[in-house]
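Have a look at the structure below before the remarks.
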């Protein structure tokens, strides 16, 4: 969503939609539980949910947009949590090992499945997603989305229907998040409503802030760093949240562009040595 | 042809436009002058659809557009710029103009193929940049340009939409005095080539005289004078309104 200039605090909702599509498929149609079908279901359901929520959210901007997206994601959380009969409530759903285009991994233990074939599936999924996102960012649609971010007024004036394009951006982002949720559900092997909680959405926002939201690769770097930081912090101290929170304060105050933004301005500083850029990276 | 007839607009108790009528023929370049608060920008907003008149009628080529949304009017061919430049500051200069062309061609929804691979749109964008002397900045971001160049880019973007009717709200404000004529030369040459009807709000009387065929003077919500620059400038009442009584002799 960074290309639309809007901050969503509710991306846990689409992550959960993706994951629960897999989960429900596994629970109710175990005989049809294949990887490709599960992914298709996740993409379709996250498309529907993000289209619906996006339709409501894009009517607002800035903090109102963030709060509304947060509220709607908590709605998903409540549904997943309360509908015990269908979703297992707080117990969640166990995810079996799926078939992959007819190939069965019967008798394989999850750890071996994850370290072996699934690792490559995941890597493939990641590469395809990144390439697809990169293509969208550089396409006319991507440019139009960035245009609505830079100047809503001008975008209207050259004939871009700003709300509609925000909606497109929202849905694209929702679908990718849904895909992430689905892929993750196989890794974890168990899903609970917590993934639609605002804490989880907050973690996504944190990753983006850490990595830097002005550079395409930023969120990827952020996600990697966050995962290592969290693991490291948990092993060192039980007050790991303090470390996470501390780095967040540090980031917001000193590195508003995140890690990649910092590297970028450092790079520019070395190349050009322009005092103007020095000021902007410090300030 | 743009026809504005008897439009009235009030904001609460303040009456801003008190029954203004005029027409602008295809290909005509008209300037709109008047003291601060005369209602010039309000008039532009009424024509572009950002405000709706309380009464009166606006028609383009005989079709009533009085209550059409700004989006509809753009599709019909009324395009404007803004007094305060509105650019896509983080996109490159090329992308700023190319977005306008994609929008005009209805290609904005395309994804997957990179924008650079649309050779026709890119080529046309470069032509427009060359026309407006901005080609050397194609890879700079919009926000990185000087104030004067920003203003030119702003006009180039309005121009790229190839409208029938162009509304320019102070296209040279913020441009250094020495460059004003150069900027106007570029803009007017480009407009004349395409025969776009244009309404320009301008404060500089030299520019009005040199570049526009007709001038309308707006004062306190009414059109005070409407004619060739020389006729209008020699009008005593106009001189009093625009320059104040004390300057009467000087002009």
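The values are calculated or read from the model by the stated rules, or taken from the named source; none is laboratory data. These numbers were taken from a predicted model, which means no experiment stands behind them. Cβ atoms come from the backbone with ideal geometry, glycine included; neighbour counts cover every protein chain shown.
Structure above, values below:
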| item | result |
| --- | --- |
| Those residues of the range B:193-240 which are surrounded by fewer than 18 Cβ atoms within 10 Å (Cβ to Cβ) and within 14 Å of the chain's Cα centre (by Cα), in sequence order | B:203 |
| Residue ID - farthest from residue B:203 (Cα to Cα), chosen from residues in the range B:152-164 that are within 14 Å of another protein chain (Cβ to nearest Cβ) and part of a helix (DSSP H, G or I) | B:160 |
| Given (1) surrounded by fewer than 16 Cβ atoms within 10 Å (Cβ to Cβ); (2) closer than 25 Å to residue B:187 by Cβ; (3) in contact (Cβ under 8 Å) with a residue 40 or more places away in the chain, index of the condition residue B:123 fails | (3) |
| Test for residue A:160: is it within 14 Å of chain B (Cβ to nearest Cβ), assigned to a loop (DSSP other than H, G, I, E, B) and at pLDDT 75 or above | yes |
| Criterion violated by residue B:171 - all others in (1) in a helix (DSSP H, G or I); (2) more than 14 Å from chain A (Cβ to nearest Cβ) satisfied | (1) |
| Strands (runs of 3 or more DSSP E) enclosed by the range B:22-112 - at least 2 residues per element that are buried (at least 22 other Cβ atoms within 10 Å of the Cβ) and within 14 Å of chain A (Cβ to nearest Cβ) | B:78-80 |
| Condition met for residue B:15 (touching a residue at least 12 places away in the same chain (Cβ under 8 Å), more than 21 Å from residue B:171 (Cβ to Cβ) and surrounded by fewer than 17 Cβ atoms within 10 Å (Cβ to Cβ)) | yes |
| Residues located in the range B:142-151, provided they are surrounded by 13 or more Cβ atoms within 10 Å (Cβ to Cβ) and away from chain A (no Cβ under 13 Å) | B:145, B:146, B:148, B:149, B:151 |
| Output for the range B:51-91, where each listed residue is touching a residue at least 40 places away in the same chain (Cβ under 8 Å) and within 21 Å of residue B:187 (Cα to Cα) | B:74, B:77, B:78, B:79, B:80, B:81, B:82, B:83, B:85, B:86, B:87, B:88 |
| Cβ-Cβ under 8 Å pairs, at least 6 apart or on other chains, the range A:217-231 side under 19 Å from residue A:123 (Cβ atoms), far side at pLDDT 75 or above and surrounded by fewer than 16 Cβ atoms within 10 Å (Cβ to Cβ) | A:220/A:130 |
| Count of the range B:113-141 residues which are assigned to a helix (DSSP H, G or I) and more than 14 Å from chain A (Cβ to nearest Cβ) | 9 |
| Selection status of residue A:265, modelled with pLDDT under 70 and more than 24 Å from residue A:13 (Cβ to Cβ) | no |
| Given (1) within 29 Å of residue B:219 (Cβ to Cβ); (2) without any contact (Cβ under 8 Å) to a residue 24 or more places away in the chain, index of the condition residue B:107 fails | (1) |
| Residues being within 15 Å of residue B:24 (Cβ to Cβ) and surrounded by fewer than 18 Cβ atoms within 10 Å (Cβ to Cβ) - total across the range B:182-191 | 0 |
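Here is a yes/no grid of residues against (1) under 16 Å from the mean Cα position of the chain (by Cα); (2) surrounded by fewer than 21 Cβ atoms within 10 Å (Cβ to Cβ); (3) facing chain B (nearest Cβ under 8 Å):
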{"residue": "A:122", "(1), (2), (3)": "yes, yes, no"}
{"residue": "A:126", "(1), (2), (3)": "yes, yes, no"}
{"residue": "A:138", "(1), (2), (3)": "no, yes, yes"}
{"residue": "A:144", "(1), (2), (3)": "no, no, yes"}
{"residue": "A:148", "(1), (2), (3)": "no, no, no"}
{"residue": "A:155", "(1), (2), (3)": "no, no, yes"}
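Quick grid of which residues meet (1) out of contact with any helix residue (DSSP H, G or I) (no Cβ under 9 Å at 6 or more places or on another chain); (2) assigned to a helix (DSSP H, G or I); (3) modelled with pLDDT of 80 or more:
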{"position": "A:21", "(1), (2), (3)": "no, yes, no"}
{"position": "A:26", "(1), (2), (3)": "no, yes, no"}
{"position": "A:31", "(1), (2), (3)": "yes, yes, no"}
{"position": "A:49", "(1), (2), (3)": "no, yes, yes"}
{"position": "A:68", "(1), (2), (3)": "no, yes, no"}
{"position": "A:71", "(1), (2), (3)": "yes, yes, no"}
{"position": "A:78", "(1), (2), (3)": "no, yes, no"}
{"position": "A:81", "(1), (2), (3)": "no, yes, no"}
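Yes/no per residue for (1) modelled with pLDDT under 80; (2) part of a loop (DSSP other than H, G, I, E, B):
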| residue | (1), (2) |
| --- | --- |
| B:166 | no, no |
| B:178 | yes, no |
| B:182 | no, no |
| B:186 | no, no |
| B:231 | no, no |
| B:249 | yes, yes |
